Structure formats: C-alpha cells, structure tokens
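The values are calculated or read from the model by the stated rules, or taken from the named source; none is laboratory data. Predicted, not measured: the structure shown is a model, and the values here were computed from it. Counting neighbours? That spans all protein chains shown, and the Cβs are built from the backbone with ideal geometry, glycine included. To get the accessible areas, we keep the full protein, side chains included, count just its heavy atoms, and leave off ligands, DNA and RNA. Shrake-Rupley method; radii C 1.70, N 1.55, O 1.52, S 1.80 Å.
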Amino acid sequence: MKSAFFPAIETQSVEEIRRYQDIKLRDLFRYLDTYSPFYKNLFDSQKINPTHLSGINDLIHIPLTTKEDLQRQNKDFLCVGKEKIVDYITTSGTQGDPVTFALTDKDLDRLAYNEAISFACADAHPGEIYQLMTTIDRRFMAGMAYFLGIRELGASVIRVGNGIPELQWDTIHRISPDAIVVVPSFILKIIEYAEKHGIDYQSCSVRKAICIGEPLRNQDLTFNTLARKILDKWPLKLYPTYASTEMATSFTECGAGVGGHHHPELIIVEFLDENDKPVHEGEPGEVTVTTLGIEGMPLLRFKTGDICSHFTEPCSCGRTTLRIGPVIGRKNQMIKYKGTTIYPPSLYDILDGIDYVDNYVVEVSINDIGTDHILIHVGSRESISHMEEDIRDHFRAKLRVAPTIIFHPFEEIHQMQFPENSRKSIKFIDSRVI
C-alpha cells in the first residue's frame, strides 16, 4: 500500500495523467484570466478566450513566458492582495536582476507537500533526522521548502545553514542525523576538514545526501566526476534533485537513480527546441513549465533556460511519470568555442577530475574577432610547474579544444566563488553579458 507521500496519480497511465492535468489546466486558465494582470492582458492581446482552451493540447497556442517578462512586469504576475501574502522570496539573480515572488499560506502548504513527496521519493521516512546545510534566510526559497517538507513528512530538521565545516561536524556528533541536504561540492569540503582533524566520517551516522544545485550525473545517467570523487571517499547514497524558485516544484531521484521524477499534480512540463517546438524523448530541450495549484504567482509556459533531456518509460520504483535528466547547461550560457558547442557543466566535470585543481572559476568573454573566449581561473595549493599544459591536455582529450588557463592563489579563487551577499557559489562568469 502506498503512503500519503506516494501519490496515486504518479502511478497512473499516461492517458490518466493527461486527463488529470487537463482538468487542472482548465482551472488555471480561468484563474489567470480572472486574477493575473499579466496573463489577462496576454489573453486579450492574443485574442485568446481561456474558456475555449481544453487542456494541454492547447498550450501551443499560448505565447511563452520568459525571465525578462518576470523582470519587467514582476508585479503584474501577482494574483492576490498584499493581505494574503505570507512570505516574499527572490530568485538568486545569477542570470540577471533577481525576481521577487510572493507566497500565500496555500502556496507554503503546496511547497511543503512538494518537498514531502520529493523527500519520500528519495527514500525518506518519518522519524529520520535531516541536517540542513543550506541557508534558510537571504530570501531563499529552497531552505524554507526543505524545512517545511521535512516537517510535513514527519521527520526532523537541524537548521545548521551553509558553510562552517567545524559546526557541521559538531552537529553530526551531537545529534546523529541520518542524512544531509547539501550542495554536493560542499561534501568534499567537509570530508577535507574531517581528514585534517582526524574525524572518522565514514563511521558517522550520515548515510545519505539530498543534493541540490549541481549535477551529479552524466547524460547517460552514470555518475559524473564530482559524484565519483565524493563516493570514492564516502560511500553515501546520493539523491540528485532539480528545481527552481519559479516552478516551486522539484524533480528528485528515487533509489533507482535514473532521473528526477515529475509530480504531475504540481506542474506541467514541456521540453522545447530552439524554435520552441517539442523535442523527442532523450533529446535535449529547454525545460518549460506551467505551475499548478499556486495561488500567489502562477506561471504559464515559463521558459526556465535549463537544457535537459527527459525519459518516459516507467521506473522500477512504481512511478509512471516522466523523468528528467541532469541539466546539460543554461541556454544563455552556451559557448561556441573554436567550432565546438560547450556548456559550462562539461568544463566543470573535467576540472573536478584533476586532483591538484583545488578550486576554479570559468569566465567567458568575446575576443577581438568577435567569437567566444574561455578563460579558466584555477586555484591550487601545489606548484604550478607544468600544470597549465597538463590541464589543457585534459580538455583536448575530452572536448578537442583547450581554453586559456590562469593560476591564482587558492584564497583568491575562493573570494571569486563566494562574493559578499551571494547565496550560491559562483563557478561561471559570463563577461559577454553587458
């Protein structure tokens, strides 16, 4: 028998899921036409009668919503009065000016439900203890979502926040959590701290990690370099996730480890090519979402900018919903370098596999002949003799092209990665953007 956190809709046939979403989508059309200034104006300007829209098949008749729309007309997306707003959050701003979102009580309940079923997908159970290694302040949705979802699930939370390896290990020793919620590269930092201070981390209580913000799999769903470096040191069970503030929904892997599961009761997802046409299963496409059940600021056909593949065969866990693969890259971060198309994650994967590269930042600019130029700032505690050519050889072997390498002190790269007031570490600087 399935638990309350294993929704029946996620085991239904494709046809039944489609019928369910058609009903939810018709409700959303009516809601937006009544309460959303942005979408009411969109419907009117495009001469779209929402009452004539029957469901998912009609989405193609509706213009796409972009990040720029949210930035330019942010307040026009709000569907409720200020008296109903409980929480204000913003996006991280890594792709431009942060966007503000307002959440009602109902939206917070939905957020809690989303994370509860997502954690349950990642084999979470009531009574477990989760150490939260992400911030819950700084207008950050994810930290709040994790807290609410774990609470909804009936598990416990330790709100430690990000950074400070010493405090993380003190907490693990004091409270014995079962799992951590963490940006995966930080796991390497706490391993490094443990090794320097004689902490037997492999014998501690932590057995699994819910991982956010960084891909852990290659496109064939095998673990990438970052994941292998973690697992070579500490045999945790890793559960990659994919989410964004705009969608207020997460795609989380189950124990089968074959991509993040879709929650059809919360979101409709499309995968579109550069001409905004649907791609086939297994092909990369821009993740485009329509949120269901959001009261404050619902979105219709919002282009996330993330490029992913998707898979539709049923999973061994019993879920029949589609699954999303790892993020290949962001659409506006695509690099054309010496005739080769590259996304930043492919650069990260190579750098993560070089032992003497302690930290790095990838910078892309336009050179004097108008083409993309890649400059990699590398931090290393070791002597840099012969390292530059060795790193370039790694890139030639994997990508057939080699970027420019500049070495810096480890501390200088750390400052570049963690500028003041940033909620996330920075690995990519796009100097092409004016």
Practice problem: Working with all protein chains in place, sort 69, 27 by solvent-accessible area computed with a 1.4 Å probe, largest first. | Solution: 27, 69
Quiz item: Just the accessible area per residue of the stretch 182-240, please: how many Å² with a 1.4 Å probe?
Solution: 44 Å²
Quiz item: How many percent of the accessible area of the chain is carbon or sulfur, using a 1.4 Å probe?
Solution: 51 percent
Quiz item: With every protein chain present, what accessible area does residue 83 have (1.4 Å probe, heavy atoms only), rounded to the nearest 10 Å²?
Solution: 150 Å²
Quiz item: Given the pairs 24/331; 189/229; 277/398, which span a C-alpha to C-alpha distance of over 19 angstrom in this model?
Solution: 24/331; 277/398
Practice problem: Rank these by accessible area, largest first, 1.4 Å probe: 258, 269. | Solution: 258, 269
Practice problem: Note down the nm distance, to one decimal, between modelled labels 7 Å out along Cα→Cβ at residue 35 and at residue 87. | Solution: 1.8 nm
Quiz item: How long is the gain from residue 195 to residue 9 if the chain were fully straight, where each residue apart is worth 0.36 nm and the alpha carbon distance is subtracted?
Solution: 62.4 nm
Practice problem: Compute the acute angle (0 to 90°) between the alpha-carbon long axis of helix 165-175 and the principal axis of greatest extent of the alpha-carbon atoms of the chain; round to the nearest 10°. | Solution: 70 degrees
Exercise. List, in the order given, every pair from 237/303; 336/427; 237/427 whose Cα-Cα distance in the structure shown is over 22 Å.
Key: 237/303; 237/427
Quiz prompt | Inter-part distance where the stretch 225-269 and the stretch 126-167 are each reduced to a Cα centre, Å | solution = 16 Å
Quiz item: Quick one: how many Å² of residue 220 are accessible to a 1.4 Å probe, rounded to 10?
Solution: 110 Å²
Self-check item: Accessible area per residue in Å² at 1.4 Å probe, computed on the stretch 338-382
Solution: 41 Å²
Quiz item: When the solvent-accessible surface of protein heavy atoms is calculated with a 1.4 angstrom probe, in what order do 207, 396 fall, highest first?
Solution: 207, 396
Exercise. Can you figure out the FRET efficiency of residue 47 with residue 368, using R₀ = 56 Å and their beta-carbon distance, to the nearest 0.05?
Key: 0.70
Quiz item: Quick one: if the Förster radius is 22 Å, what FRET efficiency do residue 23 and residue 312 give, using the C-beta to C-beta distance and rounding to 0.05?
Solution: 0.55
Quiz item: For helix 141-153, what angle does its Cα long axis make with the longest principal axis of the chain, in degrees from 0 to 90 and rounded to 10?
Solution: 70 degrees
Practice problem: Could you grab the relative contact order for the stretch 351-424? Cα pairs under 8 Å, six or more apart, rounded to a whole percent. | Solution: 32 percent
Quiz item: Where does helix 387-399 land angle-wise versus the long Cα axis of the chain, in degrees 0 to 90, nearest 10?
Solution: 40 degrees
